[in-house]
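S.K.: One structure coming up, written as structure tokens, with questions to follow.
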Amino acid sequence: MSEEFSFRTRAENLDRIAREALDVLVVGGGIVGAGVARDAASRGLRTALVERADFGSGTSGKTSRLIHGGLRYLRKFKVGLVRQAVRERDLLVARAPGLVHPLPFVLPAYRDRGPSKRVMRFGLFLYDFLSKDKKLPRRVWLSSAETRAREPRLNPGGLEGAAIYYDAWADDARLVLAVVRDAARAGAVVANHAEVVGVRREGGRVSGAEIRDRLGDRSMEVRASVVVNATGVWLDRLRWLRDVPTLRPTKGIHIFLPRKKIGNRHALALTARRDGRVVFVLPWGNLTLVGTTDTDFHGDPDRVLPDRDDVAYLLDAVNDAFPESHAGPEDVVSAYAGLRPLLRRGTADASESDISREHSIFEDTDGLISVAGGKLTTHRAMAEQVVDLVCARLRRHVPTRTVAEALGPSLDPLETFMELGFDEETALHLQGRHSAADVRSVLETPVARERIAEGMPHVWAEVALALRQEMATSLEDTMVRRLGLFYEASDQGLSVAVPIAERMAPELGWDVPRVEREVDAYRDLVAAHRAFKGDHGR
Ligand SMILES: Cc1cc2nc3c(=O)[nH]c(=O)nc-3n(C[C@H](O)[C@H](O)[C@H](O)COP(=O)(O)OP(=O)(O)OC[C@H]3O[C@@H](n4cnc5c(N)ncnc54)[C@H](O)[C@@H]3O)c2cc1C
């Protein structure tokens, strides 16, 4: 598992993409494109995957981090949608134990707002019933006293009791990275920071694409029998018929708060008093992740940021559920925003809830195959369908292999990490992200075991892993999606941005001005994500 997957691998891969004719070029390194590349490569197709920014930098790295069936869709009788998601959840829990972890949820029932206990009972019966292998524990019912014992700081006013049910969680960007690495292991040629700037057509049929290397400032032409457009909310930019937009994105934000401020002990699925929407409150180490909002979005998809109203909505919901917390914008450790690539149905005036959360695969008259919608959870099933269609176009009928294959790092015992010289907190942190073999492979310097920032479990070995085995090629890649300091550190990692950039410099050939540019770009990113704080952000 310790093979190189680095800046050098990326450069070699781009040379190969330019040289070799492909069966399938996948555009977009979110969870969907990564899943398609993994499925196609493991069926033996000559596959390439290109991502214009970093893997997981689009919607797939801005999620609620849940691998779930979507219990709330049962209220809309979307049984088929939930059945598929529950089964894919179960598959991920079984096949990716190092990445996807079971998570018990408390679902409180209140007298003054829905859903009623009766509706909850029926919904959760169905939710458990739809799971085929039934590996996750089943629902349990708690009285109001038992609920208060489990969640002492939960608002007791009108509390009738609660249900406990199970879903799962994953670090979304690391899940995408694991799928990308798995695709590469299966033979896919992959590169981040490589953008498709135009689809090539011959005789009205797609024959390849023009790719711009955004780090090397070079362009190349690629020949591919099939091109799959998995660019999420950017989908229409690659299609030649774009008079009617395919998607109607909605924006969703999340905030991280100090867990001791909120006091939640478990994950909770709350019903917001303001509008009856579900808001998740999730434990994340010493932090609590709260999300999400769902508002129409008409702006530039390249610039999606949490604003003051979004944050106020989530703070209202969490303060209502945990009345002693009095959390304000100044308490927010970090916030992020993403766009749901929802499929447009019916009229342009449809409300957000009328927009389909299912996925769709369609083929334009030039042969371009586009895929959009769906969920992080259902990416494997979506990818399987896309690659079935690709195989039909190539007249090569090979069944998918991804149902049976393991995904991501092994889940090694905590002691194995402690035997490598890490304290318990860091060992636990590493265990949720890496295999012990990968960590061991980058421990050649004594500094590798040292912590990067005070009070955070992250160690320098993770920077080495990001560079050598995770294709991190910018400071942002490392801070946001490899280490997660952007989300988890109280200063969003600003105090260690310079030393981390300096550590990356020799591997990536950065000179001093380049280090400065990387750090400035990171500071700008953090400032933009803290702008909602107004005076508090300074
Ligand atoms: C707020 C929110 C919360 C969510 N929570 C969950 C959850 O908890 N669980 C769950 O299962 N699902 C969740 N979802 C849904 C899920 O995140 C999305 O459906 C999924 O991530 C979409 O993945 P994607 O690959 O289609 O899009 P993206 O992740 O956006 O990937 C598309 C990629 O294409 C790249 N790209 C664009 N143009 C080009 C080009 N020309 N050349 C090369 N690359 C290009 C982009 O940079 C981007 O990385 C959530 C969604 C949102 C918005």
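The values are calculated or read from the model by the stated rules, or taken from the named source; none is laboratory data. Keep in mind that what you see is a predicted model, and the values were worked out from it rather than measured. Neighbour counts are summed over all protein chains in view; Cβ atoms, including those assigned to glycine, are modelled from backbone coordinates with ideal geometry. The protein model used for the area step is the full one, side chains on, heavy atoms only, and it has no ligands, DNA or RNA in it. Shrake-Rupley method; radii C 1.70, N 1.55, O 1.52, S 1.80 Å.
S.K.: How compact is region 214-280 by the rule of thumb for globular proteins, expressed as Cα Rg over 2.2 N^0.38 Å?
M.R.: Normalised Cα radius of gyration, region 214-280: 1.95.
S.K.: Please report, in whole Å³, the volume per residue of the convex hull around the C-alpha atoms of region 63-186.
M.R.: That works out to 122 Å³ per residue.
S.K.: Suppose all protein chains stay in the model; what accessible area per residue would a 1.4 Å probe give for the chain, in Å²?
M.R.: It amounts to 40 Å² per residue over the chain.
S.K.: Could you order E518, E425 so the one with the most accessible surface comes first? Probe is 1.4 Å.
M.R.: Result, largest first: E425, E518.
S.K.: Let me ask you something else. When N is the residue count of region 56-110, what does its C-alpha Rg come to as a fraction of 2.2 N^0.38 Å?
M.R.: The value comes to 1.28.
S.K.: Checking the table K134/K375; K117/K533; K132/K375; K135/K375; K76/K260 against a 30 Å threshold on Cα-Cα, which pairs fail?
M.R.: In this structure, K117/K533; K76/K260 exceed 30 Å between Cα atoms.
S.K.: Of the listed peptides 305-318, 279-292, 441-454, what is their order by residue-averaged count of other C-beta atoms within 10 Å, with the highest listed first?
M.R.: So the peptides 305-318, 279-292, 441-454, ranked by packing, come out 279-292, 305-318, 441-454.
S.K.: For region 326-466, compute Rh as the Kirkwood radius over C-alpha pairs and then the Stokes-Einstein diffusion coefficient at 10 °C and 1.306 mPa s; write the answer in µm²/s, rounded to an integer.
M.R.: 80
S.K.: For region 427-505, report the convex hull volume of the alpha-carbon atoms normalised per residue, in Å³, without decimals.
M.R.: Hull volume over Cα atoms, normalised by residue count, gives 87 Å³.
S.K.: Also, quick follow-up: In cubic angstrom, how much convex hull volume per residue do the alpha carbon atoms of the chain span?
M.R.: Considering the Cα atoms of the chain, their hull volume per residue is 145 Å³.
S.K.: For q values of 0.27, 0.29 Å⁻¹, compute log₁₀ I(q)/I(0) with the Debye formula on a Cα-only model of region 288-339, without solvent.
M.R.: Per q value, in the given order, log10 I(q)/I(0) is -1.15, -1.28.
S.K.: Which of the three applies to region 1-142, rounded, prolate or oblate, going by the alpha-carbon gyration tensor with a ≥ b ≥ c and a/c under 1.5 meaning rounded?
M.R.: It is prolate, given that a/c is not under 1.5 and a/b is the larger ratio.
S.K.: Moving to a separate point now. Taking just the alpha-carbon atoms of region 30-73, what radius of gyration and Dmax come out, in angstrom?
M.R.: Expressed in Å, the Cα Rg and Dmax of region 30-73 come to 13.3, 40.
S.K.: While we're looking at this one, here's another question. Where the accessible area of region 20-133 is counted over protein heavy atoms with a 1.4 Å probe, how much of it, in %, is carbon and sulfur?
M.R.: 58
S.K.: Next question, about the same structure. With the radius of gyration and the Kirkwood radius both derived from the Cα set of region 417-471, what is their ratio Rg to Rh?
M.R.: Result for region 417-471 is an Rg/Rh of 0.91.
S.K.: Among 173-180, 162-169, 370-377, 13-20, how do they line up by average Cβ neighbours within 10 Å per residue, starting with the highest?
M.R.: 173-180, 370-377, 162-169, 13-20
S.K.: Using per-residue counts of other Cβ atoms within 10 Å, averaged over each peptide, order 155-161, 3-9 from highest down.
M.R.: Taking the mean over residues of other Cβ atoms within 10 Å, the ranking is 3-9, 155-161.
S.K.: Okay, moving on. Arrange the residues E195, E324 by how much accessible surface each exposes, largest first, with a 1.4 angstrom probe.
M.R.: Sorted by accessible area, descending: E324, E195.
S.K.: Still on this structure, I have one more. Under 15 Å from the Cβ of E20, count the other residues' Cβ atoms, weight Lys and Arg +1, Asp and Glu -1, and hand me the total.
M.R.: My count for the surroundings of E20 gives 0.
S.K.: Classify region 83-129 from the C-alpha gyration tensor, please: rounded if a/c falls under 1.5, else prolate or oblate depending on whether a/b exceeds b/c.
M.R.: Judged from the Cα gyration tensor, region 83-129 comes out prolate (a/c at least 1.5, a/b above b/c).
S.K.: If you don't mind, there's one more thing I want to ask. Name the shape class, rounded, prolate or oblate, that the alpha-carbon gyration tensor gives for region 165-204, where a ≥ b ≥ c are the square roots of its eigenvalues, rounded holds for a/c under 1.5, and otherwise prolate holds if a/b is larger than b/c and oblate otherwise.
M.R.: prolate
S.K.: When only alpha-carbon atoms are used, what values of Rg and Dmax, in angstrom, describe region 1-72?
M.R.: Expressed in Å, the Cα Rg and Dmax of region 1-72 come to 14.5, 48.
S.K.: Write down, largest first, the equivalent ellipsoid semi-axes of region 393-449 in whole Å, where each equals the square root of 5 times an eigenvalue of the alpha-carbon gyration tensor.
M.R.: 36, 13, 8
S.K.: Here's a follow-up. Looking only at the chain, where both bridge partners belong to it, what percent of the DSSP beta bridges are antiparallel (to the nearest 5)?
M.R.: Given both bridge residues lie in the chain, the antiparallel proportion sits at roughly 80 percent.
S.K.: What part of the accessible area of region 435-538, given as a whole %, is carbon or sulfur when the probe is 1.4 angstrom?
M.R.: Carbon and sulfur: 51 percent of the exposed surface of region 435-538.
S.K.: How much accessible surface does K134 have with a 1.4 Å probe, in Å² rounded to 10?
M.R.: Accessible area of K134: about 80 Å².
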